[in-house]
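Each remark here refers to the structure printed beneath this line.
The values are calculated or read from the model by the stated rules, or taken from the named source; none is laboratory data. On a predicted model such as this, the values are computed, not experimentally measured, just so you know. When we count neighbours, we look across all protein chains shown, and the Cβ atoms used for this are built from the backbone with ideal geometry, even at glycine.
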Amino acid sequence: MTPIVITGTDTGVGKTVFAAGLTAALGASYWKPVQSGLEEATDSQIVAALSQRPVLPETYRLRRPASPHLAAEDMDIEIDLAQLCLPQVDGPLVVEGAGGVMVPLNRRVFFLELFAGWNAPVILVARTQLGTINHAALSLMALRGAGCRVLGVAFVGAAEPEVEQTIAEMCQVRHLGRLGPLADLTHETLAHAFQDIDLDAIRSAL
Ligand SMILES: Nc1ncnc2c1ncn2[C@@H]1O[C@H](COP(=O)(O)OP(=O)(O)O)[C@@H](O)[C@H]1O
Ligand SMILES: [Mg+2]
């Protein structure tokens, strides 16, 4: 079993779409340990459709579309890290966090600590729009400070070569490629776009 963690600089940056593409490309399984918000399509449903690969059930399914610690409290539960051990599967396992690294799981623990405890390589998904250098650099500093092995940064959005290069150089992080904006998001269009992602670098680091 080879886990790989997908985190992001923020919510809505493209983690789920990237994770779906990666799950398909690696022939992996996907796991979203904590899902907040059940009204819209969940990340697991989106990944199942886009990757056409096995999706494991979420450990915590929280109704409110809010930070997991608040969504859990709404349901009178507290997220217990002992319940969030990496599941054993054959082959690669793509694991998606919620939001970014400093999202609270409960009143004491951030996602970052969970990732560090798993000891699994991490890919940071970043948008290409203005503001991303700051968010990417902060996220990388936090990940490295916690002892996480960062495999690289994957970008989502329109090309911004100067911005992407600045992050790669100043943060000394591998640029894993970029998923451009897809007008029609399907299994096929995503698989095609994923040809721009450096899968060899990802595979060799697993
Ligand atoms: N490459 C892309 N092309 C077009 N739309 C995208 C792309 N990546 C993400 N999106 C859209 O952006 C929104 C946020 O993406 P998502 O992957 O759910 O982000 P996150 O998991 O970081 O919250 C979704 O509506 C998704 O369909
Ligand atoms: Mg997501």
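Annotations
- Restricting 25, 71 to residues that are of a type in the set (A, V, I, L, M) and under 25 Å from residue 149 (Cβ atoms) narrows the list to 25.
- Answer residue from segment 173-206, given it is in contact with a strand residue (DSSP E or B) (Cβ under 8 Å, 6 or more places away or on another chain) and of a type in the set (Asp, Glu) and is nearest to residue 128 (Cα to Cα) among those: 196
- In the set (1) outside any helix (DSSP H, G or I); (2) buried (at least 17 other Cβ atoms within 10 Å of the Cβ); (3) within 13 Å of ligand 1 (Cβ to nearest atom), the condition left unmet by residue 16 is number (1).
- Checked against the criterion of being closer than 20 Å to residue 97 by Cα and within 16 Å of ligand 2 (Cβ to nearest atom), the candidates 185, 179, 140 yield just one match: 179.
Here is a yes/no grid of residues against (1) within 15 Å of the chain's Cα centre (by Cα); (2) in a helix (DSSP H, G or I):
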position	(1), (2)
87	no, no
98	yes, no
101	yes, no
117	no, yes
126	yes, no
129	no, no
141	no, yes
152	yes, no
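- Every condition in (1) in a loop (DSSP other than H, G, I, E, B); (2) within 14 Å of ligand 2 (Cβ to nearest atom); (3) not hydroxyl-bearing (Ser, Thr, Tyr) holds for residue 57 except the one numbered (2).
- Contact annotation: residue pairs with Cβ atoms under 8 Å, 6 or more positions apart or on different chains, pairing a residue in segment 117-130 that is in contact (Cβ under 8 Å) with a residue 60 or more places away in the chain with a partner that is among the polar types (S, T, N, Q) and in a strand (DSSP E or B), are 122/7; 123/7; 124/7; 125/7.
- Restricting attention to segment 139-167, the residues that are surrounded by fewer than 20 Cβ atoms within 10 Å (Cβ to Cβ) and either within 16 Å of ligand 1 (Cβ to nearest atom) or modelled with pLDDT under 95 (or both) add up to 4.
- Output for segment 168-202, where each listed residue is under 21 Å from residue 16 (Cβ atoms), part of a helix (DSSP H, G or I) and away from ligand 1 (no atom under 16 Å from the Cβ): 199, 202
- So residue 38, is it of a type in the set (A, V, I, L, M), within 14 Å of ligand 2 (Cβ to nearest atom) and either closer than 27 Å to residue 136 by Cβ or within 17 Å of the chain's Cα centre (by Cα) (or both): no
- Residue that is nearest to residue 111 (Cα to Cα), among those in segment 1-13 that are part of a strand (DSSP E or B) and more than 6 Å from ligand 1 (Cβ to nearest atom): 7
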